[in-house]
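These notes are about the structure you will find just below.
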Amino acid sequence: MSEAPQDQIAHLLTEEGWELLASLGPYREDQSFALNSSLRKAGHSPELVSAVLTQSRLRTKAEAKFGEFARQMLFTQAGLEQATRLTVAARHAQRFAEAGVRHVADLGCGLGADSMALASLDIAVTAVEVDETTAACATINLIPFPHATVVHSDATSVPLGDEDGVWLDPARRTTSTSGTTRIWDPEAFSPPLSFAESLAASGRAVGVKMGPGMPHDSVPQGCEAQWVSVGGDVTEVALWFNAVARPGIRRAALVIGPQGAAELTSKEGFDAGPVPPVGPVEGYLYEPDGAVIRAGLVADLALQLGGHLVDEHIAYICAPNLADTPFARAYKVREVMPYNVKALKAWVKQNGIGVLDIKKRGTSVTPEELRKQLLPGSKSGGKSGGKSAGKKTATLVLTRIGEERVAVSVEPL
């Protein structure tokens, strides 16, 4: 029977455990069994070896969020899943710094990512975490930052003193022996969204990290809501109150990619904003970034591109001219066809297509199943290799225009 996370962390906090963990290189699944055996033969207990290998695996996985800092940090599985990427945490911290905040209470600090970013800007941090194991990890992770103090307590019961700023990352998952389960109701979070609103009512600068799927009607009045995507993945929506909310911005989409960051904003509420025209599939098709879609800024982007929606309920934009934008992926429209499996299968054969990428929006078609129908002889599902070698590559976009389902052949740009 595997040990609970708190027991595994306890093994790592011994001198033997910490030194053994530090001696390991990057985790490799194909070498884990042999490494397990060799460490046991070296005299280490099975419990310690299990704890060290688990932590090594988490550290390697955490490099995507924490970079080289992950090599000196401690993690839990649930904590890592919810942890803020350091690149995003740095932007959170910058908000507080620019607002002149000197002391932030990080309520529900988790593994301490946001506290690390705040403390690196010489902002005093009181990091509060209710889970004892996670608080122990945060204590280790914040050792390099003398301005940060970890408190093991419930976020709602900690009295606030001279803290002029509050950051909250409510727990949105429950942990059991079978893994972690996501919670969707903001009032079931720990602490609940209403608690964050009560702190904002005190006048303090308050920021709250929420899941990106937060419905617009759950976003409180009087705050700025900023959806963030990193490398195409929408990671969060941050709610900003009082001094850390920017004047004249109600909602925003921050897109962070290899070329840097770009932001699309609106002063309008979620039920307002521009109404773009609706027109045919033509010229260039744009697939908006997920943060733009979540923030309800597709219409704003369509007008910025000089384009139109192909359907008023679907987030695809078409424009006659190509425009460079960080807020959408662009494709050149090659052909528009009615959605008919038999006809599409003939089209694939006629064009000698062996690799087929299928995108969809506004239709219940499953791309994987359709690919099998259109490329029945491809063992790899039409992705690469096998019988597809040397054949053409194509991209199909499946969508609907009104009640009509269409398949659009496009060229990625």
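The values are calculated or read from the model by the stated rules, or taken from the named source; none is laboratory data. Since the structure is predicted, the reported quantities are computational estimates derived from the model, not experimental observations. Virtual Cβ from ideal backbone geometry, glycine too; neighbours counted across all protein chains shown.
What the table shows:
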| quantity | calculated |
| --- | --- |
| Elements of type helices (runs of 4 or more DSSP H) in segment 1-113, at least 2 residues being touching a residue at least 24 places away in the same chain (Cβ under 8 Å) | 5-12, 15-23, 46-66, 77-82, 86-98 |
| Residue match in segment 218-240 (condition: farther than 24 Å from residue 261 by Cα, in a helix (DSSP H, G or I), assigned by TED's automatic domain parsing to the domain that holds residue 109 and at pLDDT below 95) | yes |
| Whichever residue in segment 398-413 is under 18 Å from residue 331 (Cα atoms) and of a type in the set (Gly, Ala, Ser) and, among such residues, is surrounded by the most Cβ atoms within 10 Å (Cβ to Cβ) | 407 |
| Top-ranked residue of segment 114-138 - restricted to ones that are out of contact with any Asp or Glu (no Cβ under 7 Å at 6 or more places or on another chain) and not in a helix (DSSP H, G or I), ranked as surrounded by the most Cβ atoms within 10 Å (Cβ to Cβ) | 129 |
| Residues satisfying the stated conditions in segment 285-319, i.e. touching a Gly at 6+ places or on another chain (Cβ under 9 Å) and of a type in the set (D, E, K, R) | 289, 294, 300, 311 |
